[in-house]
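Report on the following structure.
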């Protein structure tokens, strides 16, 4: 039946029983049951009856029985609904948050990959680029201005220590720093092997090991290696297997590692096909 009503009143009059159907009322004790919109009157001699009359009372010779939920039944039902909601809603929210993180990371990876690909098409193989011979801010700026920013739509550029920091329209920041063997006492010759990038969806500008970093949700580290011509995720000690990404270094992606050191987590998401799986340290 369409629009099932809250109350059904069984009227017993002169040994005859008839069902008055489709009687609606306002919700709550004492509200009227009226004949508005073609509803039936609850008794012949009384034009109006109240909810309180329905349960036990004799309405001017007409005996009525109420078919409705008791307060206890309503409370039990609401309690069950609350328990189910408490069990399911957090999981739904977490699932949605994971998708947001993955989509933002994929977008950032795509933006960087396209920029570096265009740079390769214009300037040739990255092994032939002018990488310089030091990791200074000035050298990093020259690299970024030559091979990155001309191929990205940026809205802001600044610096932080040796990092060149750019921001794109959706608020994501990219922090670039040159990496390699730059210690004169250990390296001969000094070489720059990669351009390291910290991607922050929340726009955080801070050092790589800053305590505010969360490398499992908001921050991810990538490298563009001079010799590979490919953008890859930071993966210290995790080459070759998923288990190695999760467990084989101080930067592994697992719950035992502090959030500001889980730099392998981007590699794990990428390894799992752009998905955050159940064993991910969320």
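The values are calculated or read from the model by the stated rules, or taken from the named source; none is laboratory data. Note that the coordinates shown come from a computational prediction; the quantities given were computed from them, not determined experimentally. Neighbour counts run over all protein chains shown; Cβ positions are idealised from the backbone, glycine included.
Here are the numbers for the structure shown:
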{"read-out": "The range 162-178: number of residues that are surrounded by fewer than 16 Cβ atoms within 10 Å (Cβ to Cβ) and either within 22 Å of residue 125 (Cβ to Cβ) or in contact with a strand residue (DSSP E or B) (Cβ under 8 Å, 6 or more places away or on another chain) (or both)", "value": "1"}
{"read-out": "Selection count where residues are more than 20 Å from residue 109 (Cβ to Cβ), part of a loop (DSSP other than H, G, I, E, B) and out of contact with any helix residue (DSSP H, G or I) (no Cβ under 8 Å at 6 or more places or on another chain), scope the range 227-260", "value": "8"}
{"read-out": "Qualifying residue in the range 100-117 (condition: in the same structural domain as residue 199 (by TED's automatic domain parsing), over 29 Å from the mean Cα position of the chain (by Cα) and surrounded by fewer than 16 Cβ atoms within 10 Å (Cβ to Cβ))", "value": "yes"}
{"read-out": "Candidates 196, 213, 217 - the one that is in the same structural domain as residue 159 (by TED's automatic domain parsing), touching a strand residue (DSSP E or B) at 6+ places or on another chain (Cβ under 6 Å), surrounded by 16 or more Cβ atoms within 10 Å (Cβ to Cβ) and part of a loop (DSSP other than H, G, I, E, B)", "value": "213"}
{"read-out": "Test: residue in the range 251-264 that is out of contact with any strand residue (DSSP E or B) (no Cβ under 8 Å at 6 or more places or on another chain), more than 20 Å from residue 160 (Cα to Cα) and without any contact (Cβ under 8 Å) to a residue 12 or more places away in the chain", "value": "yes"}
{"read-out": "Close pairs from the range 208-231: first at positive phi, partner buried (at least 19 other Cβ atoms within 10 Å of the Cβ), Cβ under 6 Å, at least 6 apart", "value": "229/126"}
{"read-out": "Residue in the range 181-191 that is assigned to a strand (DSSP E or B) and buried (at least 20 other Cβ atoms within 10 Å of the Cβ) present", "value": "no"}
{"read-out": "Subset tally (residues that are touching a helix residue (DSSP H, G or I) at 6+ places or on another chain (Cβ under 6 Å), in a strand (DSSP E or B) and either over 23 Å from residue 208 (Cβ atoms) or not assigned by TED's automatic domain parsing to the domain that holds residue 183 (or both)) for the range 140-164", "value": "0"}
{"read-out": "Residue 277 being without any contact (Cβ under 8 Å) to a residue 40 or more places away in the chain, on the phi < 0 side of the Ramachandran plot and outside any loop (DSSP other than H, G, I, E, B)", "value": "no"}
{"read-out": "Enumeration of residues in the range 220-237 that are within 17 Å of residue 274 (Cα to Cα) and out of contact with any strand residue (DSSP E or B) (no Cβ under 6 Å at 6 or more places or on another chain)", "value": "235"}
{"read-out": "Qualifying positions in the range 112-139 - in contact (Cβ under 8 Å) with a residue 12 or more places away in the chain, out of contact with any helix residue (DSSP H, G or I) (no Cβ under 9 Å at 6 or more places or on another chain) and part of a helix (DSSP H, G or I)", "value": "112, 113, 127, 137, 139"}
